[in-house]
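One structure is given here, and the rest of the page talks about it.
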Amino acid sequence: MGWRLADATPRRVMLDSGFVRGLRAVLGWDNSIEDVGQYVWCAETHLLSTGKEFQLVICMSASMSLRLMHATRISIDTSFKRVHGWQEFEIETWDNYHMRSIVSTRAFTTSQSAEAHFILFSRIFAIAKSDTGLSVKFHHIDGNGIQSVVADGHKGQGLGLGMFCVSLCATNTMVCRYEPSCRVCDLTPYDHLRCVYRLCIVHFRRNLLKLQTSVNPSVYNAMLSIACTEPHPDFKHTLRIIQNGGKKAKAWLKEKIVDTKFALPALYYPESLMPLEFWQACPTTTNGNEQAHRSINRDGTNLTLLAGIMRGQEYDERAATSINVHMEYGINSRDQPSTHNFRALRSVSRHGE
């Protein structure tokens, strides 16, 4: 090409179409994607009970679906800015062997309603079953499988998950492991969420911070104290402090107890049905999802749907390649492995404790 080495930048090389064509011919490069397996599993339109149409695209490689069906602790979150006019939904889990966050499902939707999320979860796990031959299992229903789900508290997202759990055990007459007074088939969506669902503590505190200047400090502290594992000495008294803390505090409490019925059990362990060991092992945040959103947003935001799918596939392929390199050669994608000890120490350092 007659270039100096310093001039051979990746951009200049790629713009030299003659050189790139010749290089591809020498390397036997094929631009087909048949060898990577299926990635886009469905592109559907569903009619909701409200009469509105709900569009859905689900993307998942074979390795992603396998990780999803073997996951025990998952987190779910939605991003709104990567694809124009669509919301990007992700299911994320932590890989203890590779010490990294793994995106196991990527979907694009046009509705945030509970019914839409019920359809979304139903289609995701049906696709994963057809791909892996494995059925989704929840610990409180089957005795193994998914132990906990952490999310940001979106009402439609949470209720949709509860509705999906109800559909899984409609004919299961076994006694519930977590609530011996009920059969599994008699559990409501909110009962299922009490067994498996937790709210992201970061989202909880961030939303509560907006009220800090609107309520008395004692009321604000009482509101913060709701999110805990240990039982309050006098929980009803704490609720009375919040109830009498003014209009905004009262509305906040109503939203946590009445409007979003799964919120309080997902924050305050004594109101939950989840076993203590699962509650303590469950991630307290959706930081894995947030990091995944941040990483993939570097490939572009406000994209068309096609561009979002293609760049999502490229990102997921890079993640899979990185995992395979670690499995085969022991080479990690970062200098400092994200061990449990490392992450715990960093968390303490960040909070100044």
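The values are calculated or read from the model by the stated rules, or taken from the named source; none is laboratory data. Keep in mind that what you see is a predicted model, and the values were worked out from it rather than measured. Cβ sites come from the backbone with ideal geometry, for glycine too, and all protein chains shown count toward neighbours.
So which residues in region 242-266 are out of contact with any Leu (no Cβ under 7 Å at 6 or more places or on another chain) and surrounded by fewer than 18 Cβ atoms within 10 Å (Cβ to Cβ), if there are any at all? If the condition is that a residue be out of contact with any Leu (no Cβ under 7 Å at 6 or more places or on another chain) and surrounded by fewer than 18 Cβ atoms within 10 Å (Cβ to Cβ), then Asn244, Gly246, Lys247, Lys250, Ala251, Lys254, Glu255, Val258, Asp259 are the ones that fit.
Condition check ((1) within 13 Å of Thr286 (Cα to Cα); (2) buried (at least 22 other Cβ atoms within 10 Å of the Cβ)) across all residues:
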| position | (1), (2) |
| --- | --- |
| His70 | no, no |
| Ile76 | yes, yes |
| Ser79 | yes, no |
| Arg82 | no, no |
| Gly85 | no, no |
| Phe89 | yes, yes |
| Trp94 | yes, no |
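Condition first: modelled with pLDDT of 95 or more, polar (S, T, N, Q) and over 25 Å from Met274 (Cβ atoms). Can you find one or more residues in region 217-227 that meet it? Yes, region 217-227 contains a residue that is modelled with pLDDT of 95 or more, polar (S, T, N, Q) and over 25 Å from Met274 (Cβ atoms).
Among the residues of region 267-316, those that are closer than 17 Å to Ala107 by Cα and of a type in the set (A, V, I, L, M, F, W, C) comprise Ala292, Ile296, Leu303, Leu305, Leu306, Ala307, Ile309, Met310.
Quick check, is Asn302 farther than 25 Å from Gly145 by Cα, touching a residue at least 60 places away in the same chain (Cβ under 8 Å) and either among the polar types (S, T, N, Q) or loosely packed, with under 14 Cβ neighbours inside 10 Å (or both)? The answer is yes for Asn302. So in region 296-333, with the set limited to residues that are of a type in the set (Val, Ile, Thr) and out of contact with any Cys (no Cβ under 9 Å at 6 or more places or on another chain), which one is farthest from Cys59 (Cα to Cα)? Selected residue: Ile331.
Per-residue answers, yes or no, for (1) modelled with pLDDT of 90 or more; (2) part of a helix (DSSP H, G or I); (3) under 28 Å from Lys155 (Cβ atoms); (4) touching a Phe, Trp or Tyr at 6+ places or on another chain (Cβ under 9 Å):
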residue	(1), (2), (3), (4)
Met274	yes, no, yes, yes
Trp279	yes, yes, yes, yes
Gly288	no, yes, yes, yes
Gln291	no, yes, yes, no
Ser295	no, yes, yes, yes
Leu306	yes, yes, no, no
Arg311	yes, yes, no, no
Tyr315	yes, yes, no, no
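Tell me, please, whether a residue that is touching a Leu at 6+ places or on another chain (Cβ under 7 Å), basic (Lys, Arg) and either closer than 25 Å to Val136 by Cβ or assigned to a loop (DSSP other than H, G, I, E, B) (or both) can be found in region 41-61. Scanning region 41-61, I find no residue that is touching a Leu at 6+ places or on another chain (Cβ under 7 Å), basic (Lys, Arg) and either closer than 25 Å to Val136 by Cβ or assigned to a loop (DSSP other than H, G, I, E, B) (or both), so the answer is no. Taking (1) within 24 Å of the chain's Cα centre (by Cα); (2) touching a residue at least 60 places away in the same chain (Cβ under 8 Å) in turn, Leu209 satisfies each apart from (2).
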